[in-house]
1. Would you be able to say whether some residue in region A:40-55 is part of a loop (DSSP other than H, G, I, E, B), within 14 Å of another protein chain (Cβ to nearest Cβ) and at pLDDT 90 or above?
2. For region B:86-109, what are the residues that are more than 9 Å from chain A (Cβ to nearest Cβ) and not in a helix (DSSP H, G or I)?
3. In region B:124-158, which residues are surrounded by 13 or more Cβ atoms within 10 Å (Cβ to Cβ), more than 14 Å from chain A (Cβ to nearest Cβ) and either under 20 Å from B:Leu35 (Cβ atoms) or of a type in the set (A, V, I, L, M, F, W, C) (or both)?
4. Taking the condition under 23 Å from A:Ile78 (Cβ atoms) and within 14 Å of chain B (Cβ to nearest Cβ), does A:Val159 pass?
5. Quick one: would you say B:Arg315 is in contact with a helix residue (DSSP H, G or I) (Cβ under 9 Å, 6 or more places away or on another chain), in a helix (DSSP H, G or I) and over 30 Å from A:Ile222 (Cβ atoms)?
6. Just checking, how many residues over region B:78-91 are within 19 Å of B:Val40 (Cα to Cα) and more than 23 Å from the chain's Cα centre (by Cα)?
7. If you scan region B:184-204, which residues turn out to be β-branched (Val, Ile, Thr) and within 25 Å of B:Ile247 (Cβ to Cβ)?
8. Just checking, does region B:116-123 include any residue being surrounded by fewer than 19 Cβ atoms within 10 Å (Cβ to Cβ) and either at pLDDT 90 or above or more than 14 Å from chain A (Cβ to nearest Cβ) (or both)?
Amino acid sequence: MSLEFFIGQIFNGVSYAALLFLLVGGLSLIFGMMRIVNMTHGSYYLLGGYVALTVMWRGAPFILGIVAAAVVIALIGIAEWNAFLKRLSGQELGQVLTTMGFALIFQDLGLIIWGGDPYTIKLPAMLSGSWEVGPYFFPVYRVFIMGVAVVVALTLWLVLEKTRLGAMMRATVDDPEMARGVGINVHAISMGVFAMGAVLASIAGVVAGGFVGVYPGADFEILPYAFVVVIVGGMGSLKGALVGSLLVGLLDNFGKALFPELSYFTLFAPMALILAVRPTGLFGRV
Amino acid sequence: METFVRRAPRAAALVAAVVLLALPPFVSSFMLSLLTQALVWAMLAMSLDLLLGFTGLASLGHAAYLALGAYSVGILTTRHGANFWTALAVGVLLAALGAAIFGLVALRATGVYFLMITLALGMTVWGLANRWVSVTSGDNGISGVPRPRGLPFDVSGALPFYYLVLTAFVVAFVILWTVVRSPFGKTLVGIRESESRMRTLGYHVWLHKYVGFVIAGAGGGFAGVFWAYYNGFVSPADSELATSVEILLMVALGGRGTLFGPALGAFVIVLLKNVVSIYTHRWLLILGVVYIGTIVYAPEGIIGMARDWLKARGRAQLRPAPSP
């Protein structure tokens, strides 16, 4: 196991972690705030990729693809939340089944509208290729993903820790009843956070579309990973989402490279161990 | 009329029994295959009901036990020529062992956490099934699983195999029914209603939940054994998240906490998936609508709706007649 191998794996692991963070950042807060188990989260990811594809096929640039995906998925997420999830607070089984229903419906709609073929999102020229640093090759696109994740993480952290809105959000996560009692508009904040989570997932989908591709089944493929990151990192914690993403990203990559036969196991087993010790996850706030 | 209200559930059960026993020799091979499949899933759904309906623990990883039972059969019969009894025993024991280990981790939590932890634990089985290629053949699955060998009669035909599965279903039902009606089962219901109350009354709550969890897992493995024999094929899809959610749906749709309900729910879903897909490609969409419809319109499931309907009729009988 050379240094090259290590550096390569760490780089891959961190770039995958960046993708996971985009996917999961909002999910952790949604969990913390509303305890909503959302099986549709994978669908937001996939539909985001599909929407960006459609927009880009009509000649729009990559950045517009991301924006379009974010807007459409935000609307879908808000609609789903308002019409159904709002009423199911506290009913985990109801949430799982309802959101699963939507996930299946979206999966079929995806098949109807975009068909069964896999697609990749064409990357803008300045994001393709790699940077050569000595013996290492770092694909520019992966660095871009990490950059996006860092920006998102910083923005979220700033908002949560340094603004009044962030304080209200944290209050809602810690104790929704008290927050309501103090005059915080829990309903609006919950809806906003839910929309934000969906938007981030859709951005993750667009971004992943550039290197993994957009294809039917990607929604259910990414879902277990998303849940594992949230579980391990702890619900309701941004730091947890970050640490969880890094852990999962690195474990997954090293596991696949070192023990391909047990690669999923090397991911989910440490997770089970962490949970055995701390059922609320590493940094869980709820 | 009053007697109808009281006797209806028993009559329905009787009708179901007669249909399952006597009808199969006369139906098409497609329908026979569906009925066999439905019985397997009914066993699986009933085992989850012990956990969900009676103990109040919603598990998102129950497919793991289906897989453990199925893979036991798959590996033992195709690579070691094992007979039915060996494969059955190993399948059930392995599933029970899995539940015993998982239960230690999962039962440290309740509610949403329990849901998430069982999801994660179910994923470990899925991960092994997918990647431990030398044992499970990974994505390719294990094919060529023969029909059960070593029984006093030949079950390679569809009809004898159906009756074998029906017998298994009856065995599973009787065992679960006994568990549920026993003091142990009543304690589980008490735990579902209020853990703190049971603890105050002196019951060892964790131990009861743990034993229930292991029994449910063993039941899942039992169903998994017959699932492998039915399909002749085992794959990682048997342990994926969507499968676990589907079992939950069967329990919720039928009516949790009733054993009959989940069995009924399993029949409905199996028939729906297989019959609807003949007429339209859009069966996923329809299944999704069923998921949502169940929660919105029938949160207590079909049995729940039937109970409410019967109660309403019963009440109608007791209303005083208008004065002449």
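1. The answer is yes, given that some residue of region A:40-55 is part of a loop (DSSP other than H, G, I, E, B), within 14 Å of another protein chain (Cβ to nearest Cβ) and at pLDDT 90 or above.
2. Passing the criteria: only B:Leu107.
3. B:Ile142, B:Val145, B:Arg147, B:Pro148, B:Leu151, B:Val155, B:Ala158
4. Here the answer is no, as A:Val159 does not meet what is asked.
5. Considered against the rule, which asks whether it is in contact with a helix residue (DSSP H, G or I) (Cβ under 9 Å, 6 or more places away or on another chain), in a helix (DSSP H, G or I) and over 30 Å from A:Ile222 (Cβ atoms), B:Arg315 comes out as no.
6. Qualifying residue count for the region: 0.
7. B:Thr187, B:Val189, B:Ile191, listed by residue number.
8. Scanning region B:116-123 turns up no residue that is surrounded by fewer than 19 Cβ atoms within 10 Å (Cβ to Cβ) and either at pLDDT 90 or above or more than 14 Å from chain A (Cβ to nearest Cβ) (or both).
The values are calculated or read from the model by the stated rules, or taken from the named source; none is laboratory data. Everything numeric in this text was worked out from a predicted model, so none of it was measured. Note that we place each Cβ from the backbone using ideal geometry, even for glycine, and neighbour counts take in every protein chain shown.
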